[in-house]
Structure formats: C-alpha cells, structure tokens
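S.K.: I am attaching a structure below and will ask some questions about it afterwards.
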Amino acid sequence: MYLTKAKRPSGKYQISISKGIRDPKTKKAKRVQVKCYGTFDLNSKEGIKTLALAEIELKEMNKLEEAAKGFNSFEDFIISTRKTGLSLHHKNIGYLPYLSIFNELKLPTFFNKIAKDFKLEYNFSDMMFYQALGRIFNPSSKLEVASRKDDFIHDFSFINNDNIYSSLDIFSGFNKHKSKKITEKLKLIKNMQELLDTVDSETKKTLESNIERTSNEIKLLIDEYDEKFQYNENKLFKYLNKNIEKIIPNRNISLAFYDCTTYYFESFNEDGFRERGMSKDNKRNETQVVMGLLIDSNGIPISYKLFRGNTHELHTMEKVIDDVLKNYAIKEIIIVADRGLNSKANLEMIRGKGLNYIVGSKSSSVPKKIKNKKFNSTWNITSKIDAKYKSGYITGNRTVIQNGEEYEELIIKKYSDLYKEREMFKQTKMLERAIKNIKNFTINSTTKSKSKYYKAAKNPKEKINVEIDDDKIKKEQENFGYFYIVTNKVKMNPATIMVAYKSLYKIEESFRILKTNLKARPVYHFKERRIRAHFLICYLALLLQRILEYKLTENKVGLSTHEIINGLEEFILDEIDYKVNKLYLLSDKLFKSKINKEVFKIKKNVILNNELSKLIKKM
C-alpha cells in the first residue's frame, strides 16, 4: 500500500491510500483506493495535518497487512491474534437492551429537561442511565462504578469520581452555590456557639435567638430540597407510566400489588429519616428506611415511596395510594396485599376512597362459622382427582359497618396439603432449634423471642424451668394448610381472586431483585436527598430489568432474572483497534449462548465496526 496525492483542476490534491492488485479476470495490474481523506491544499494547516495522519495510518495498514500474510482470510488472521498475544480491549455490549428500553421510555428528554438550568459539562440523561446500569451490572460503590466507565462500547468518558456523586443532587435542585449557602450558615452557628460562654446574659439570649433562627433557615432550605426531589420524582412516575403504556398497550394498573420492606444503613445514628425500626433484614441496631412499592400484574413497578425507618408498614399504604389517585385517571383500583398490611384502619381507608381490596387475613380475624370448618370432599376442590396434594376452598360472607354504612365482604378459606406440609417442615425446624437451645431462665419478652414454643414449668424456688409447650404445638398444627383471603369485591369469581392474591409473589420477587441482584442495601449515603437519589436509581434499574423480562417473556424467551443479568453483564467483545478501523471478536462460548441466540442474534464471530454500528442502531 502507498500514499497517493492526485492533483485536481482546482490546484488542490486528493489525499488517499491506494493498493496495487492484480485483477483475477484480466490478470492485469490495477490500483484500488483503500481510504480517501479528501481534497486539500498541501501547504495549508489542514492539508499538512491530514497528510501526516495518512502517513501514520499507512504504516499501521502495512504492518497489519504484513502480519496477515499466510492466512486464508483476514478473519482467520484476526481470530489467530488471541494466540499470538495481540493486545485486545474488552468492551461490553450487554447494556444495549437496557439502553433501548431507556430510550423507548423517552427518558433522555425527561432527564435533560430536569437538568436544563444546571451548567453541566456532561449529558445528565447519559449519567442517569450509567448510574442505573451500575446497579444492574456488578453493583457496588459509586467510586467502583465510576472506575468501570471504559468497559463499554458506549462513550462514558465524562464520568468521574466527582460528578457521579454530584449528579445525585440534580433531582433536588441542589448545587454548589446552595451548598455554599448552607455551609456559611453552619459556620455562622459555630461561631456564635463559641461566643456563648464569653458574653453577658443579655447578649447570650440574643446569640441563642440568632442560632435558633439560623438553624431554622437551614432546616427550611433542606426541606425545600427534599420537597423539590419528591415533586420531580412524582413527575417522573407519571411520565414513566405514560410511556410504559406505549410499550405495553394493554397494561392494566387497576389491579395493583402493594407491599413494604426495609433497607438498612451502615450507620447507628438516627437523624429523623434514618431511624431504627422493625427490620425485615433482621438488623437490630442499624438505622433503616421503609419502602412501599406498588407494581402491576406483570410485575412492572408503578411507583414507590420512602418512609422514616420507624414507620410501621400498616401506616405506609395510604400515601402511596393517594399518589396513584392523584397522578392517574383510573376508574377502578383493586389493592392486593398480604395479611401483614391487613388492618381495620387500612381497609376502612381503602373503602373510604371508593377503592377495592384483596388482602390476606389471619384466622383470628375471620368469623368462627367459617374458621371452624375443616377441609373435606364437599368443598370446591381445585386439585385433580389423582393429585398427590389435595386442595380446595369454601366461601363465606360478613357485613362490616363504617361510618354508619354497611359493607359486604367475601371471605375465602383455602386449604392445601402442600401448604400444610411446608408449615409442618417449618415448625419441625423451629422445634429442633428450641430443643437444642433450651435451658433454665426467666420467662420474659427476651425468652419468648428465642422460641414461641417455650413455657414455664412447675419449678423449684431457686430457678424457673422451661419446657416445650406441646399444647401450643398441637393447636398450631390444627390450622396448618389453611389461609384466608378477604375482599370487598363480593361478586368477583373466587378463582380469579385467588389467582390475583397468588400473584403477590411478583412484588416479593421485585424486592428480592432490589436487594440481591441490584444490591440496594446496605446504603452508605447519609444525606436525605442522596438517599432518595440512590433509591430512585435502584427503582429505575428495577424498571428497566422488569420491562426487559416482560419483552423476553412475550417473545417466548424463558430466562430468569439471574440468567438475563449475568448473561448481559458477561456479553463482552474483544476490540481490536488498528488505528484506521476497529474489529470485534465474539468468543465461541458467547456465540453459542442463550443471550446471543435470543437477544443479539449475532451470526458470526468476527464483527466489523460498521456491522456493530448497525447492531447498536437495531437494538
């Protein structure tokens, strides 16, 4: 190959790299153009620069051509580079399905509008996508996520250790100027506090008054940022659900599943938001926040809300429901929740808003008439005749009174041999632990927390003997296999009600994805606005994952959450950058993988740069 400078009628020169070949038909030598750089004045600054570039690239091309001699094809040569030790860059393209959904939801428009008043040196939408991606692929600290910015085909070079944190403040409207304002007020308070012991009583009163006033000003500023965040957050939920309907035209959010969970912090200091409370992660001393999550029947999130860590789950439902009623024009909503959220106050609240509910119920809350009935052949049998595990249900009605008005409720009592077997197994394991740990101690709240099967026996004066409560075990076993569902949709088919209630596993699954796959906890942020931003990013990651799962299911692709995330995280190409162009290699393992067959559908191991560009556009 060689450099050519062809003079044009204008007096300028066309700079190109050419190669001499022999025509296979005519057997005559001819010249072909490999790359053209354009037409330039060779004495101009641009012409000199282009000519220098062409000379550098010519050397690279000749070097590559020399190395490729002896191979049947260029692809054979490229594949052999693994053996010869040619330096390769590893680039992930597994993020592309998530980016496609991100764009389908029109999130770039929304996020860039949110950030329009900030003078950012980067694209806020790209930052938000990268933050969500950082929760999906190998979730870890923000600094660790920032260090992986070069692992992708997409250009995330703008990411750095500073902006990956400062970007968390955009949603609350917080910036360096406002941060400085708060810092100055805090410094002023500190200075006034240092003077308190050096002044007379009258001046001290004035200083104390000024300290209180300045503290209130800081609180008002911080509250303003938190309110701004929640305002933008609600706008986002509304925007997202509007665009989800375009992806899933038949989406039905009138049947909504609600549940709560807790997320703990690596902190023991309470601050009014991070508080100690009843932990679902069995953390006794760490502070936490409570999340209430609402999803649709496909498992796709509708919205969520964060509460103070000491908020009881029974007191979270109303605020989430109010947000839904405020933001969406839905004629009818059925709230589906487990028995942990079934309280008289919650059911009255739902009825008072003109809504419906399907909730689990404890046996102690249902009428004795239905509670005392045992499973037999007269029930509505739901199992097959020859099934190993029998199951069935009966129904009953009751009337409840609220504000002087009567309301009908349908009660479904369901029985399952399988459910009974599981409860027996669970009880056996608990008894084994109780027997192993049994010793003499005082019966109190601490003792009861060790095992519910302990009771005080007849004992000598010196100490209290503890033994297993056999009567309690037998009484508990009488209710094994049964569970109850209560609804105010009295005319709804009981089978449909039970299917709806059984679908609650989807919200439990969403919490498991948040905590396990996306590692939403433990949380290391301590400022409320950044805590909220962290969970917003986690929610966005969950949404992208759930929509991807929905799309794959609709296309009859059977992959679990774990298989999808792991498969896409590991979908890495070897990039060969030979200065003038790039090539990408796909390993045999990835080429034959489920992810490639079902998602990418790449047909060969060696991908040209222009082919990859087409794949990215196609995604």
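The values are calculated or read from the model by the stated rules, or taken from the named source; none is laboratory data. Only a predicted model underlies this, so the values are computations on that prediction, with no experimental measurement involved. Using ideal geometry, Cβ is built from the backbone for each residue, glycine included, and neighbour counts are taken over all protein chains shown. Accessible surface is based on the protein model in full, side chains and every heavy atom, while ligands, DNA and RNA are left aside. Shrake-Rupley method; radii C 1.70, N 1.55, O 1.52, S 1.80 Å.
S.K.: Using +1 at the Cβ of each Lys and Arg and -1 at the Cβ of each Asp and Glu in the chain, identify which of N285, Y550, A520 lies farthest towards the dipole's positive end.
M.R.: Highest projection toward the positive end goes to Y550.
S.K.: Still on this structure: Of the options N138, Q402, N92, report the single residue whose Cα projects farthest towards the positive end of the charge dipole of the chain (beta-carbon charges: Lys, Arg +1; Asp, Glu -1).
M.R.: N92
S.K.: Roughly to the nearest percent, how much of the accessible area of the chain is carbon and sulfur, given a 1.4 Å probe?
M.R.: Its accessible area is 49 percent carbon and sulfur atoms.
S.K.: Follow-up question, since we're still on this one. Evaluate the relative contact order of the chain (contact order divided by residue number), counting alpha-carbon pairs under 8 angstrom at least 6 apart; express in whole percent.
M.R.: 15 percent
S.K.: Relative to the first principal axis of the alpha-carbon coordinates of the chain, what is the inclination of helix 317-327, with its axis defined by its Cα atoms, in degrees from 0 to 90 and to the nearest 10?
M.R.: 50 degrees
S.K.: To continue, here is another question. Thinking of the range 198-320 as a set of Cα atoms, what percent of all their pairs are more than 22 Å apart?
M.R.: 56 percent
S.K.: Quick one: which of 138-145, 25-32 comes out on top by average Cβ neighbours within 10 Å, and what's the full order, highest first?
M.R.: Put in order of decreasing packing, that is 138-145, 25-32.
S.K.: Under a Cβ-only charge scheme (Lys and Arg +1, Asp and Glu -1), can you give me the dipole magnitude of the chain about the Cα centre, in debye to the nearest 20?
M.R.: 1920 debye
S.K.: Rounded to whole Å and ordered largest first, report the semi-axes of the equivalent ellipsoid of the range 132-271 derived from its Cα gyration tensor (root of 5λ).
M.R.: Semi-axes from the Cα gyration tensor: 42, 23, 15 Å.
S.K.: Say a paramagnetic label sat at a point 7 Å from the Cα of K384, along Cα to Cβ; which residues of the range 484-506 have their backbone N under 16 Å from it?
M.R.: Once the point is set 7 Å along Cα→Cβ of K384, nothing inside the range 484-506 turns out to lie under 16 Å by backbone N.
S.K.: Moving on. Can you tell which of I350, V366, N376 lies farthest toward the positive end of the dipole of the range 331-444, using +1 and -1 charges on the Cβ of basic and acidic side chains (Lys, Arg; Asp, Glu)?
M.R.: N376
S.K.: Output the 0 to 90 degree angle, nearest 10, between the alpha-carbon long axis of helix 609-618 and the longest principal axis computed from the alpha carbons of the chain.
M.R.: The helix 609-618 is inclined about 40 degrees to the chain.
S.K.: Quote the FRET efficiency, to the nearest 0.05, computed for K362 versus N216 with a Förster distance R0 of 30 Å and r equal to the Cβ-Cβ distance.
M.R.: Efficiency at R0 = 30 Å is approximately 0.10.
S.K.: Also, quick follow-up: Find the accessible area per residue for the chain; the probe is 1.4 Å, ligands and nucleic acids are left out, and the unit is Å².
M.R.: On a per-residue basis, 56 Å².
S.K.: Give the angle, between 0 and 90 degrees and rounded to the nearest 10, that separates the Cα long axis of helix 124-136 from the longest principal axis of the Cα atoms of the chain.
M.R.: Once rounded, one gets 60 degrees.
S.K.: A further question on this structure: Compute, for the range 507-619, the length of the dipole vector about the Cα centre, with Cβ point charges of +1 (Lys, Arg) and -1 (Asp, Glu) only. Units Debye, rounded to 20.
M.R.: 280 debye
S.K.: For I153, which sequence-distant residues (separation of 5 or more, or a different chain) have an amide H within less than 5 Å of its own amide H, given hydrogens modelled in the peptide plane?
M.R.: N92
S.K.: Quick one: what does P(r) look like for the range 346-406 with 5 Å bins over all Cα pairs, in whole %?
M.R.: Spelled out bin by bin, the range 346-406 gives 4, 12, 18, 19, 17, 12, 9, 6, 3, 1 percent.
S.K.: Beyond 13 Å, what share of the Cα-Cα pairs of the range 463-525 remains, rounded to the nearest whole percent?
M.R.: 78 percent
S.K.: Rounded to the nearest 0.05, what FRET efficiency do D417 and K25 have when you use their Cβ-Cβ distance and R0 = 51 Å?
M.R.: Approximately 0.05, to the nearest 0.05.
S.K.: Only Cα pairs under 8 Å and at least 6 apart count here; give the relative contact order of the range 305-409 as a rounded whole percent.
M.R.: Dividing the mean separation by the residue count of the range 305-409 yields 17 percent.
S.K.: Could you pull the Cα extents of the chain along its three principal axes, largest to smallest, in whole Å?
M.R.: Principal-axis extents of the chain (Cα, largest first): 108, 91, 58 Å.
S.K.: A further question follows. Take each of the peptides 269-279, 38-48, average the number of other beta-carbon atoms within 10 Å over its residues, and list them starting from the highest.
M.R.: The packing order, highest mean first, is 269-279, 38-48.
S.K.: Shifting gears a bit: For the chain, what does -39500 (n - 2.57) per DSSP helix run (n ≥ 4), summed and divided by total residues, give at 222 nm, in deg cm²/dmol to the nearest 500?
M.R.: Value at 222 nm, helices only: -13500 deg cm²/dmol.
S.K.: Just list whichever of K149/K280; K106/K228; K368/K472; K119/K519; K113/K551; K283/K472 have alpha carbons separated by over 24 Å in the model shown.
M.R.: K149/K280; K119/K519; K113/K551; K283/K472
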